[in-house]
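What follows is a single structure, written as structure tokens, with notes after it.
No lab work stands behind these numbers, since they all come straight from the coordinates. Predicted model only: the values in this text are computed from it and were never measured. Neighbour counts run over all protein chains shown; Cβ positions are idealised from the backbone, glycine included.
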């Protein structure tokens with residue numbers, strides 16, 4: 001563990017860079033790369049958390065308020081890591097797959113006032129160009145779990161009726177999948193978890209590798 005990490009908790013991006021370095025998995029397809037790095041990142045996070053927080057816990061707390069404050073800091077950090085982790089891993093893999101940020105995709109752009117999808121393809125310039133065909137635009141939302149949250153993405157990019165959603169949620173039921181499909185949501189899931197879905201759903205899922213292949217074919221803004 002880098003010495004600086006024992007002084008101040010590293011950022012999510014720092015931990016992800018370390019996970020990429022440790023895994024040395026550039027030869028794997030995007031789906032396997034994503035899942036292995038997520039696992040590695042979580043192991044690193046827990047190790048750093050243990051090294052930084054355990055001394056405080058073992059030293060004890062003078063008041064209940066001190067204990068609650070420390071616990072809230074730990075829980076908030078965990079929530080923040082979980083919320084951003086998949087998004088940052090996905091961005092890193094896009095760039096490894098030779099998608100250039102600003103040319104082939106935009107990360108956290110403003111599509112409309114107050115609306116920021118996780119990813120737009122091929123670019124914000126294309127999205128804002130009324131002459132650029134809407135059927136050649138793509139949007140990708142990223143949510144680790146989606147059972148109760150997928151509706152949040154429906155208004156994130158007005159020009160794009162079909163919303164792609166990358167998730168690690170396993171086993172979405174057929175009725176819920178139909179509801180999502182009817183609302184224009186296309187699920188993108190790593191190949192390794194496709195078998196957790198009902199058999200009737202599996203043929204309609206898209207892998208991350210397949211999604212990347214599709215966006216490579218999009219025309220670029222002039």
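Assorted remarks:
- Ordered by the count of other Cβ atoms within 10 Å of each Cβ, fewest first, 47, 111 give 47, 111.
- Crossing angle, helix 64-96 versus the chain [Cα axis fit, 0-90 degrees, rounded to tens]: 40
- Where Rh is the Kirkwood radius over Cα pairs, Rg/Rh for the stretch 48-105: 1.28
- The chain: most fluctuating residue of 197, 56, 132 per GNM, C-alpha cutoff 10 Å: 56
- Using 0.36 nm per residue and subtracting the Cα-Cα separation, the extra length available between residue 64 and residue 162 on full extension is 30.3 nm.
- Neighbour-count ranking [beta-carbon atoms within 10 angstrom, fewest first] of 21, 53: 21, 53
- The length gained by stretching the chain between residue 145 and residue 98 to full extension, at 0.36 nm per residue less their Cα-Cα distance, is 14.2 nm.
- Distance between the C-alpha centres of the stretch 96-163 and the stretch 12-41: 24 Å, rounded to the whole angstrom.
- Distant alpha-carbon pairs in the stretch 106-216 (separation over 19 angstrom), percent: 42
- Equivalent ellipsoid dimensions for the stretch 19-134 as semi-axes, Å, which come from the Cα gyration tensor, largest first: 38, 21, 8
- With contacts taken as Cα pairs under 8 Å at a separation of at least 6 residues, the stretch 34-136 carries a relative contact order of 17 percent.
- Note on 196, 144, 63: ascending count of other Cβ atoms within 10 Å places them as 63, 196, 144, the fewest first.
- For the chain, the mean residue ellipticity at 222 nm estimated from helices alone is -14500 deg cm²/dmol, where every DSSP H run of n ≥ 4 contributes -39500 (n - 2.57) and the total is divided by all residues, rounded to the nearest 500.
- Nearest-0.05 FRET efficiency for residue 57 and residue 173, computed from C-beta distance (R0 45 Å): 0.65
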